1. Output the residue which, of all residues in the stretch 68-114 that are outside any helix (DSSP H, G or I) and out of contact with any strand residue (DSSP E or B) (no Cβ under 6 Å at 6 or more places or on another chain), is surrounded by the most Cβ atoms within 10 Å (Cβ to Cβ).
2. Where the second residue is crowded, with 18+ Cβ neighbours inside 10 Å and among the polar types (S, T, N, Q) and the first is part of a loop (DSSP other than H, G, I, E, B) and modelled with pLDDT of 90 or more and lies in the stretch 237-256, which pairs have Cβ atoms under 9 Å and are six or more apart or on separate chains?
3. Going through the stretch 220-234 one residue at a time, which ones are within 20 Å of T51 (Cα to Cα) and at pLDDT 90 or above?
4. State whether the residues of the stretch 184-201 include one that is touching a His at 6+ places or on another chain (Cβ under 8 Å), at pLDDT below 90, closer than 24 Å to E260 by Cα and buried (at least 17 other Cβ atoms within 10 Å of the Cβ).
5. Output yes when any residue across the stretch 115-135 is of a type in the set (G, A, S), in a helix (DSSP H, G or I) and at pLDDT 85 or above, and no when none is.
6. When you look at N162, is it farther than 25 Å from P217 by Cα, out of contact with any Phe, Trp or Tyr (no Cβ under 7 Å at 6 or more places or on another chain) and modelled with pLDDT of 70 or more, yes or no?
7. Scan the stretch 40-47 and tell me whether some residue there is more than 26 Å from E218 (Cβ to Cβ), in contact with a strand residue (DSSP E or B) (Cβ under 6 Å, 6 or more places away or on another chain), crowded, with 21+ Cβ neighbours inside 10 Å and modelled with pLDDT under 90.
8. Given (1) at pLDDT below 70; (2) under 30 Å from D205 (Cα atoms); (3) out of contact with any helix residue (DSSP H, G or I) (no Cβ under 6 Å at 6 or more places or on another chain); (4) not acidic (D, E), identify the lone condition not met by H52.
Amino acid sequence: MAAVLYAVLFCLLHTVYGLCKYICTLVQTAPYRIRCLNDVLPSLDRYRKPTHLAVVFVWETHQTALGASPTHMRQQVHKAMLDVYRLVEWCAAAGIAELSVYDEQGLLREAAQALSPSASPALMDVHMGLDTQGQYPPPFAYSPSPSALCDKALHQPHVRVNVLSARDDKPALVQAVNTLPTIPITSSHISSALHHAGAMATEPDVLMVCDPCIRPPELHGFPCWCLRLTTIGSLPSWAHTREWMPTHFLDTLRLYTMAEQRHGA
């Protein structure tokens, strides 16, 4: 009899926990869902704008009897590419000149390569990282739909977009070291080699991690040697929405605005 009571009590507690977690998720994501209805950025005048924004996408792997599901991975990459288009338009509206998007497996790079010239927005200047081989090449091209994501005029008519993968970390660093002269190496030689090693023109001012698991931000293989004075943060609500919304972009600008700025000695 006691075992039955314990089992019933456990089921009740589990049900209450599940309901509380579901309600908390709804409360946390409600502002993002409501703001998404109009899909328009409010005034950005009160925020400081970075020159270079970097975004790390982490994929959720659904395991099947044959391993990871390719269909699920393609769906995630498709959503991420739509996020990239939104971010490009928002960066143009905010005056952010450079955007770097990264995933460890290089699936975004393959998706960007599948773009036809006519499908690439006029304000997007794409720069690829080092060549890599992914497991799930997307079988479709992406065409951004026209949208008015900001009620302000474009402050940055052209946004440089860097599409990176794990091969832009250590392999790019090795490539940079191999270009160094055999004469005594100075710090200026190393700085110059690192600056020209990857696809990025400048160091990121702020880096946001989009992770399906709510946890402290991790780099997941993002080139750490170019993150010297970078503000690093995460978007816990992205784990529930699985797409960038205007409020996420505002949260990013708010994080950068509140960060203490240090520029070295």
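1. For the stretch 68-114, the residue satisfying everything is G106.
2. none
3. Kept after step one, since they are within 20 Å of T51 (Cα to Cα), are these residues of the stretch 220-234: 222-234.
The answer is F222, T230, T231, I232, G233, S234.
4. Yes, the stretch 184-201 contains a residue that is touching a His at 6+ places or on another chain (Cβ under 8 Å), at pLDDT below 90, closer than 24 Å to E260 by Cα and buried (at least 17 other Cβ atoms within 10 Å of the Cβ).
5. no
6. No, not satisfied.
7. Yes, some residue in the stretch 40-47 is more than 26 Å from E218 (Cβ to Cβ), in contact with a strand residue (DSSP E or B) (Cβ under 6 Å, 6 or more places away or on another chain), crowded, with 21+ Cβ neighbours inside 10 Å and modelled with pLDDT under 90.
8. Of the numbered conditions (1) at pLDDT below 70; (2) under 30 Å from D205 (Cα atoms); (3) out of contact with any helix residue (DSSP H, G or I) (no Cβ under 6 Å at 6 or more places or on another chain); (4) not acidic (D, E), the odd one out for H52 is (1).
The values are calculated or read from the model by the stated rules, or taken from the named source; none is laboratory data. All values reported here derive from a predicted model rather than from experimental measurement. Glycine also receives a Cβ, built like all others from the backbone with ideal geometry; neighbour counts cover every protein chain displayed.
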